[in-house]
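Here is the structure we will look at.
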Amino acid sequence: MINDISELFGRQMPMLMLGETLNHHPGVKTRAAIQTDHGIVCCRCGSRLKRRLAALPNNQYYCYVCIQMGRMDTLQQLAFAPEPNRFPHVNQPLTWQGKLTKLQAECAQTVIDVFKNRRRHLLWAVTGAGKTEMLFKGINWAIENGLRVGIASPRVDVCIELFPRIQAAFEKVSCVLLHGKSEQPYVYSQITVCTTHQLLRFYHAFDVLIIDEVDVFPYSGNAMLHFAVANATKPTGATLYLTATPDQNLFRAIKQNKLTVSYLPIRYHGHLLPEIAVIRTKRLATLINDAQLPKNILNKIQALIDAKQRFLLFVPHIKDLKRVFDALKATGMAAKFETVYSADPKRIEKVALMRNDQLDFLITTTILERGVTFPGIDVIVLKADDDIFSAAALVQIAGRVGRNSDRPTGEVLFYCESKTANIKSCDRQIKLMNQKAAAL
């Protein structure tokens with residue numbers, strides 16, 4: 001139940017969620033939850049609804065698209081309060097003391113210009129380029145000018161890893177973390193870190209909205225989440241998109257001059273991206289289906305364990321997790337490892353164990369392909385020729401390696417039966433980025 005008007009600033013919530021004290025508050029505005037004038041449209045998620053699917057008794061309707069965020073129907077109103085930017089002035093909000101490279105500093109200045117001029121812009125930077133640090137000066141400018149900042153990502157893991165870094169960089173600024181599994185109550189804050197789904201609860205809130213990993217599921221190609229971004233941003237606001245692997249929608253927007261773009265082809269430590277090694281392995285899919293692994297893969301894994309070299313082991317499907325886990329357990333190898341996937345109820349805890357050096361390796365699906373950094377790791381991909389591994393996914397997976405200046409290199413091993421177009425494309429993209437970086 002919402003009892004304080006500040007919890008509605010720049011947000012949209014069903015009237016039923018308001019406490020008695022806010023029901024007649026002069027600062028609370030309302031609008032229809034579902035519009036029926038020109039078709040049936042949900043005002044929270046922007047979806048055009050099919051009459052047959054949305055129908056309720058007595059000519060009423062509900063939204064079946066965003067129902068996981070709570071029911072919207074024609075029997076209720078959406079309550080909101082205009083964003084007042086009611087934040088205390090903070091002197092020198094940026095407490096981060098790190099230094100940017102020359103190229104990072106140029107990108108950071110571009111970010112400031114984007115925010116000042118309220119533009120839509122794509123920062124296209126290779127994995128491990130230090131995108132987060134490049135945001136700090138722009139966010140600092142926004143905070144100094146009393147603006148509200150949102151940082152959103154499609155993935156919970158990215159938000160969880162990003163939030164403490166933002167808190168540490170802006171110790172004197174109010175920050176809140178929002179995602180579906182969060183137990184932290186909502187508090188009106190100047191910086192909001194959240195999943196893109198959480199943006200459905202905001203309305204003209206952010207002067208500056210940053211979308212990280214913009215090419216990834218579920219954001220990429222999702223009309224509802226694209227609407228949420230536009231709806232959560234003030235009409236005069238700026239939107240900054242971040243990615244290492246732009247999709248066709250972004251390329252199209254750039255070509256149509258709907259989006260400006262800047263590019264950073266080298267990592268912050270100046271080393272090139274680790275390139276992939278493709279190891280063709282006969283009957284790999286059949287063996288994994290039988291909960292077995294070829295000797296060359298077992299030997300490689302054992303060698304990494306003996307060398308105390310931590311790694312991520314990617315498989316294409318959830319069903320492959322237990323099969324590979326059982327195959328490795330059957331060898332009796334002395335190693336600590338777990339499996340993890342998107343709906344794993346212990347996903348956050350397992351990722352934390354890996355981050356805290358309490359696991360030798362994680363067997364994972366593509367859920368850890370991006371946004372999570374484990375310093376000094378190697379990567380192994382089993383069945384890299386599976387269709388689930390797009391070229392972009394493979395580039396991101398390879399990008400887990402060599403991110404730390406203490407170990408800027410490492411192994412990226414793709415085990416497959418055939419070298420598919422996606423594997424070849426991944427190889428080309430990494431080599432092209434390295435060529436661009438070498439020419440700087």
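The values are calculated or read from the model by the stated rules, or taken from the named source; none is laboratory data. Being a predicted model, the structure only gives us computed values, none of them experimental. No Cβ is skipped: glycine too gets one built from the backbone with ideal geometry, and neighbour counts run over all protein chains shown. Protein only, heavy atoms only, side chains kept; ligands, DNA and RNA dropped before computing areas. Shrake-Rupley method; radii C 1.70, N 1.55, O 1.52, S 1.80 Å.
So that you can scan it fast, the table gives a plain yes or no per residue for (1) touching a residue at least 24 places away in the same chain (Cβ under 8 Å); (2) over 17 Å from Val65 (Cβ atoms):
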site	(1), (2)
Ser189	no, yes
Leu200	yes, no
His204	yes, yes
Ile210	yes, yes
Pro218	yes, no
Ala223	yes, no
Ala228	yes, no
Ala238	yes, yes
Ala244	yes, yes
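For segment 137-165, residues that are out of contact with any Ser or Thr (no Cβ under 8 Å at 6 or more places or on another chain), under 20 Å from Val372 (Cβ atoms) and in contact (Cβ under 8 Å) with a residue 12 or more places away in the chain total 4.
In segment 93-145, how many are on the phi > 0 side of the Ramachandran plot and open to solvent by less than 30 Å² (accessible area, probe 1.4 Å)? If you could, list the steps in order and put the result at the bottom.
Start the filter on segment 93-145 by keeping residues that are on the phi > 0 side of the Ramachandran plot, which leaves 118, 128, 130.
Still in the running and open to solvent by less than 30 Å² (accessible area, probe 1.4 Å): 128, 130.
Qualifying residue count, segment 93-145: 2.
Restricting attention to segment 361-399, the residues that are touching a strand residue (DSSP E or B) at 6+ places or on another chain (Cβ under 6 Å) and open to solvent by 10 Å² or more (accessible area, probe 1.4 Å) total 3. Among residues of segment 401-416 that are at positive phi, those with a Cβ under 6 angstrom from a residue that is assigned to a strand (DSSP E or B) and crowded, with 21+ Cβ neighbours inside 10 Å, sequence gap 6+ or separate chain, pair up as Gly410/Asp378.
Just one of the numbered conditions (1) small (Gly, Ala, Ser); (2) at positive phi; (3) out of contact with any Ser or Thr (no Cβ under 6 Å at 6 or more places or on another chain) is not true of Ala421: (2).
Quick check on segment 247-278: of everything there that is assigned to a strand (DSSP E or B) and in contact with a Cys (Cβ under 8 Å, 6 or more places away or on another chain), which residue is most open to solvent (accessible area, probe 1.4 Å)? Top of the filtered list is Val278. For segment 344-360, filtered to residues that are free of Cβ contacts under 8 Å to residues at least 12 places away in the same chain and over 13 Å from Arg310 (Cβ atoms), the residue that is surrounded by the most Cβ atoms within 10 Å (Cβ to Cβ) is Asp344. Here Ala105 fulfils each of the conditions (1) free of Cβ contacts under 8 Å to residues at least 40 places away in the same chain; (2) farther than 20 Å from Val261 by Cβ; (3) of a type outside the set (Ser, Thr, Tyr) apart from (2).
Looking at segment 321-334, is at least one residue within 29 Å of Gly130 (Cα to Cα) and either touching a strand residue (DSSP E or B) at 6+ places or on another chain (Cβ under 6 Å) or modelled with pLDDT under 95 (or both)? No, that holds for no residue. Against the condition within 26 Å of Glu338 (Cα to Cα), surrounded by 18 or more Cβ atoms within 10 Å (Cβ to Cβ) and modelled with pLDDT of 90 or more, how does Ile423 come out, does it pass? Answer is no for this residue. Between Ile34, Ile40, the distinction of being of a type in the set (A, V, I, L, M), open to solvent by less than 30 Å² (accessible area, probe 1.4 Å) and over 17 Å from Tyr203 (Cβ atoms) belongs to Ile40 only. Examine segment 73-81 for a residue that is in contact with an Asp or Glu (Cβ under 8 Å, 6 or more places away or on another chain) and either assigned to a helix (DSSP H, G or I) or more than 30 Å from Val126 (Cα to Cα) (or both), and state whether such a residue exists. Scanning segment 73-81, I find no residue that is in contact with an Asp or Glu (Cβ under 8 Å, 6 or more places away or on another chain) and either assigned to a helix (DSSP H, G or I) or more than 30 Å from Val126 (Cα to Cα) (or both), so the answer is no. In the condition set (1) open to solvent by 10 Å² or more (accessible area, probe 1.4 Å); (2) in a helix (DSSP H, G or I), His89 is compliant with all but (2).
Taking first residues from segment 45-71 that are closer than 12 Å to Met224 by Cβ and part of a strand (DSSP E or B) and partners that are open to solvent by less than 100 Å² (accessible area, probe 1.4 Å) and of a type outside the set (Gly, Ala, Ser), the Cβ contacts under 6 Å between residues at least 6 apart in sequence or on separate chains come to Arg48/Val41; Leu49/Ile40.
Is it true that Thr286 is polar (S, T, N, Q) and either touching a Cys at 6+ places or on another chain (Cβ under 8 Å) or touching a residue at least 24 places away in the same chain (Cβ under 8 Å) (or both)? Spelling it out, it is not the case that Thr286 is polar (S, T, N, Q) and either touching a Cys at 6+ places or on another chain (Cβ under 8 Å) or touching a residue at least 24 places away in the same chain (Cβ under 8 Å) (or both). Restricting attention to segment 229-246, the residues being buried (at least 16 other Cβ atoms within 10 Å of the Cβ) and more than 15 Å from Thr196 (Cβ to Cβ) number 6. When Leu199 is tested against the conditions (1) in contact with a helix residue (DSSP H, G or I) (Cβ under 6 Å, 6 or more places away or on another chain); (2) in a loop (DSSP other than H, G, I, E, B), the lone failure is (2).
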